[in-house]
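Have a look at the structure below before the remarks.
The values are calculated or read from the model by the stated rules, or taken from the named source; none is laboratory data. Source: prediction; values computed, not measured. We place every Cβ from the backbone using ideal geometry, glycine too, and count neighbours over all the protein chains shown. Calculation scope for accessible area: heavy atoms of the full protein, side chains included, ligands and nucleic acids excluded. Shrake-Rupley method; radii C 1.70, N 1.55, O 1.52, S 1.80 Å.
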Amino acid sequence: SGVGRIDRVENGKTGFYPFALFKMAANFWLSSHCNQWLLDREEIQLERQRDYQYLKEEDYKKIHIFFINFIQALGEHLKLRQQVIATATLYYKRFYARNSLKSIDSLLMAPTCTYLAHKTEECGVISNNRFTAACNTVVKNKFSFAFPGEQFPYRMSQVSHYLN
């Protein structure tokens, strides 16, 4: 999983090679970042239309700010490097650039992005119990005004489900 295959010519031979063999694009204009993630304002607005049926644009932005603050608080509680927190924020924004807020609960997506960023930035292993406990602590101590009396409602299996 995660390793694809494509047909390519190497040393005069045509064959299938795993993506892992390819080097990073030497040309930004040919990179996947450029081709998939540089969205213009019209594309973003078109994707958000489903959410704008239920929310004003200002409220939509406030929801994203809220959950990015949640990612920041979770990262600080776990003592993650700022680079990991920034990567988690990027994953969160990219997901919702192409998906509606209704597609997945943001309270599940924010920790999932944090967990994935921690793994992709190769920062070691966070135990499932420690990660879930951190989510509970952040919800209780910093965001209880939004989730009164509630614990973090998800289990680690639900967080890691979106990583497969």
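Residues in region 29-43 that are part of a helix (DSSP H, G or I) and surrounded by 12 or more Cβ atoms within 10 Å (Cβ to Cβ): CYS34, TRP37, GLU43.
Do you know which of the residues in region 149-164 that are open to solvent by less than 50 Å² (accessible area, probe 1.4 Å) and either more than 18 Å from ILE68 (Cβ to Cβ) or among the small types (Gly, Ala, Ser) (or both) is nearest to the chain's Cα centre (by Cα)?
Per the criteria, the residue is LEU163.
One line per residue, one yes/no per condition, for (1) open to solvent by less than 60 Å² (accessible area, probe 1.4 Å); (2) among the polar types (S, T, N, Q); (3) assigned to a loop (DSSP other than H, G, I, E, B); (4) on the phi < 0 side of the Ramachandran plot:
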| residue | (1), (2), (3), (4) |
| --- | --- |
| MET109 | yes, no, no, yes |
| CYS123 | yes, no, yes, yes |
| LYS140 | no, no, no, yes |
| PHE147 | yes, no, yes, yes |
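Give region 65-86 a look and list any residue that's over 14 Å from ALA133 (Cα atoms), small (Gly, Ala, Ser) and buried (at least 22 other Cβ atoms within 10 Å of the Cβ), or say none.
none
Taking the numbered list (1) free of Cβ contacts under 8 Å to residues at least 24 places away in the same chain; (2) surrounded by fewer than 15 Cβ atoms within 10 Å (Cβ to Cβ) in turn, PHE95 passes all entries but (2). Just one of the numbered conditions (1) modelled with pLDDT under 90; (2) assigned to a helix (DSSP H, G or I); (3) open to solvent by less than 50 Å² (accessible area, probe 1.4 Å) is not true of PHE131: (1).
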